[in-house]
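Quick notes on the structure that follows.
The values are calculated or read from the model by the stated rules, or taken from the named source; none is laboratory data. Everything numeric here is computed off the predicted structure, so don't read it as measured data. All Cβ positions, even for glycine, are placed from backbone atoms using ideal geometry, and neighbour counts span all protein chains on display.
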Amino acid sequence: MKNHDSAFAGTSEPLLDLAALRADTPGCEEVIHFNNAGCGLMARPVLQAMLDHLRLEAAIGGYEASAARAGEVADFYASLAELLGTRPGNIAFAASATHAYTKALSAIDFRPDDVILTTRNDFISNQIAFLALRKRHGVRIVHAPDHPDGSGVDVDAMAALMRSHRPRLVAVTHVPTNSGLVQPVAEIGRHCRELDLLYLVDACQSVGQYPVDVEEIGCDLLTATCRKFLRGPRGSGFLYVSDRVLQAGCEPLYIDMHGARWVAPGYYRPVDTAARFEEWEFPYATVLGCAAATRYALRVGLEPVSRRTPALAGRLREQLAALAGVRTLDGGPAPAALVTFTIEGWEAAPFKAALDERRINSALSYREFAQYDFADKDVEWCLRLSPHYYNTEDEVDAVAGAVAELARSAR
Ligand SMILES: Cc1ncc(COP(=O)(O)O)c(C=O)c1O
C-alpha cells in the first residue's frame with residue numbers, strides 16, 4: 001500500500017500534485033468518473049482505514065475494535081470541526097444527509113400555520129419532508145422567488161418574506177442536486193441572524209468542493225453527506241448543530257441511550273453535545289473512512305480544490321454549450337462543478353447507457369427531482385456530469401468529445 005503522504009509531497013499552492021492524487025485514487029484507472037455529485041471516488045487512505053477496521057472487528061470483536069480505535073473515532077468530529085470552522089461537540093454522525101436533515105427537522109416543535117421559508121431549488125427530499133410536515137402539523141411552505149437575472153434565490157425578496165412571515169424555519173440548499181447553481185447562503189444567513197430566525201443549510205454538494213464555514217454562513221444547523229465531494233464512503237453524513245440550538249435545549253423527537261442519560265425512572269436528560277442527535281449503534285468502519293476522507297480533503301486544501309473543480313466543470317460546460325442540439329442549464333454567475341444539459345434526439349436511459357459504454361460515469365436528473373427548477377427550464381430530464389479536482393483536462397475534453405459524437409449521431 002502506497003504511503004498517502006506522497007500525494008502531498010512537493011505540492012505547492014495553487015498547484016495540486018495531480019499525478020500523485022490520481023495514483024491515490026484507484027478508480028482513476030478504471031473509469032472517467034464524472035459523477036462526484038452522486039458519489040466521489042474514495043482515495044486509498046479512506047479505503048485502507050475502512051478495511052483495517054473491518055479486519056480488526058473480525059480479529060478482536062466489534063465493541064473491542066471501536067474501543068481500540070477511540071482516538072481515530074474522535075477524529076471524525078475533530079476533522080469535520082476543522083473543516084467547518086466549529087468544535088467537535090457541534091458535530092453529529094448520521095447515516096446520510098437526509099437522515100441528518102430529518103433528525104434536525106424532528107427537533108423543531110412545529111405548530112399549525114408555522115412557516116417554513118425555503119427556495120425553489122431546495123433538494124427533493126427536503127421538499128417532501130416539508131410537505132409531510134404540512135400534512136401532519138399544518139405548517140405553511142413558502143418558496144422565495146428566484147432573482148430574474150437567473151442568479152438563484154432573490155435575497156432581498158427572501159428577506160422581505162422573513163420580515164412578513166417570521167418563519168419558524170429558513171431552509172436553503174447551498175448547491176442543488178439538479179444544477180450547478182450556488183445559492184448565497186451567507187447573505188441569507190446575515191438576515192437570519194439579524195432577525196433571529198432558525199436557519200438550516202443543506203450543504204450536501206458544497207462540502208468537499210468549497211470551503212464551508214458555519215460561522216461565516218451564520219447557520220444554526222447544517223447537513224451533508226460524506227460520500228460526494230468529500231470522497232468518503234457511502235452510508236455516511238453529518239449534522240452540524242450550533243451552540244445556540246444546543247443551549248436552547250433542542251433535541252430530536254426520538255432520542256436514545258447515546259443521546260440522553262436516563263437519570264431517573266421517569267426522567268432523561270439530553271447530553272450537552274450534538275451527540276444527542278446520534279444513535280448508539282455506529283458503522284465504525286464507515287465513521288473511520290469519513291475521518292480519513294476529511295483529513296485527506298484538509299490536506300489537499302479546500303482553497304485549491306474550490307478553484308480547480310468548478311474550473312474543470314466550466315471547461316466542460318463551455319464545450320458542451322457550443323454543440324448543436326445541446327442545451328446547458330446551469331445558472332448563476334459562478335456555477336459549481338455540476339454540469340447539467342439536455343441533448344436533442346436522445347431519451348434519458350439510452351443516452352446515459354451510451355456514456356456508460358464509454359466508461360464515463362454520469363447521472364440523470366428527472367422533473368420530479370426539481371419540480372420548480374425543471375418547470376422553469378421546461379425540461380423533463382437532463383444529464384449531470386460532475387468532475388472533481390482529481391479529474392484531468394484531457395478527461396474533460398474526452399467527455400465533451402463523446403457527447404459531441406452522440407449529439408451528431410442523433411441528428
Ligand atoms: C443537495 C442535496 N441534498 C441532499 C442530498 C441527500 O443526500 P443523502 O442521499 O446522503 O441523503 C443530496 C443527494 O444527492 C443532494 O444533492
Testing W346 on (1) touching a residue at least 40 places away in the same chain (Cβ under 8 Å); (2) outside any helix (DSSP H, G or I); (3) closer than 27 Å to L230 by Cα, one condition comes back false. Which one is that? (3)
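Quick grid of which residues meet (1) more than 16 Å from the ligand (Cβ to nearest atom); (2) closer than 20 Å to F76 by Cβ:
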| site | (1), (2) |
| --- | --- |
| G232 | no, yes |
| D256 | yes, yes |
| R261 | yes, no |
| Y267 | yes, no |
| T286 | no, yes |
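Could you tell me which of the residues P148, P176, P167 is out of contact with any helix residue (DSSP H, G or I) (no Cβ under 6 Å at 6 or more places or on another chain), farther than 27 Å from L83 by Cβ, crowded, with 19+ Cβ neighbours inside 10 Å and not small (G, A, S)? Full working, then the answer.
On the way: P148 fails: crowded, with 19+ Cβ neighbours inside 10 Å; P176 fails: farther than 27 Å from L83 by Cβ.
Of the residues listed, the single one that is out of contact with any helix residue (DSSP H, G or I) (no Cβ under 6 Å at 6 or more places or on another chain), farther than 27 Å from L83 by Cβ, crowded, with 19+ Cβ neighbours inside 10 Å and not small (G, A, S) is P167.
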Those residues of the stretch 260-286 which are assigned to a helix (DSSP H, G or I) and either surrounded by fewer than 21 Cβ atoms within 10 Å (Cβ to Cβ) or small (G, A, S) (or both) amount to A274, A275, A285
With criteria (1) without any contact (Cβ under 8 Å) to a residue 60 or more places away in the chain; (2) assigned to a helix (DSSP H, G or I); (3) surrounded by fewer than 24 Cβ atoms within 10 Å (Cβ to Cβ); (4) not aromatic (F, W, Y), G249 comes up short on (2)
R261 among the basic types (K, R) and touching a Pro at 6+ places or on another chain (Cβ under 9 Å): yes
Hey, can you tell me all the residues within the stretch 42-52 that are over 12 Å from R234 (Cβ atoms) and part of a loop (DSSP other than H, G, I, E, B)? A43
Just give me the residues in the stretch 203-230 being more than 14 Å from the ligand (Cβ to nearest atom) and on the phi > 0 side of the Ramachandran plot, in sequence order. G218
Within the bounds of the stretch 363-371, is there any residue that is among the hydrophobic types (A, V, I, L, M, F, W, C), part of a helix (DSSP H, G or I), modelled with pLDDT of 95 or more and out of contact with any strand residue (DSSP E or B) (no Cβ under 8 Å at 6 or more places or on another chain)? yes
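Looking at the stretch 121-130, can you tell me whether even one residue there is of a type in the set (D, E, K, R), assigned to a helix (DSSP H, G or I) and surrounded by 16 or more Cβ atoms within 10 Å (Cβ to Cβ)? Let's see the steps before the verdict.
Within the stretch 121-130, the subset of a type in the set (D, E, K, R) is 122.
Next, from what is left, pick out any that are assigned to a helix (DSSP H, G or I): none.
Checked against the condition, which is being of a type in the set (D, E, K, R), assigned to a helix (DSSP H, G or I) and surrounded by 16 or more Cβ atoms within 10 Å (Cβ to Cβ), the stretch 121-130 yields no hits at all.
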Only one of (1) more than 14 Å from the ligand (Cβ to nearest atom); (2) more than 21 Å from H388 (Cα to Cα); (3) in contact (Cβ under 8 Å) with a residue 60 or more places away in the chain fails for L200. Which number is that? (1)
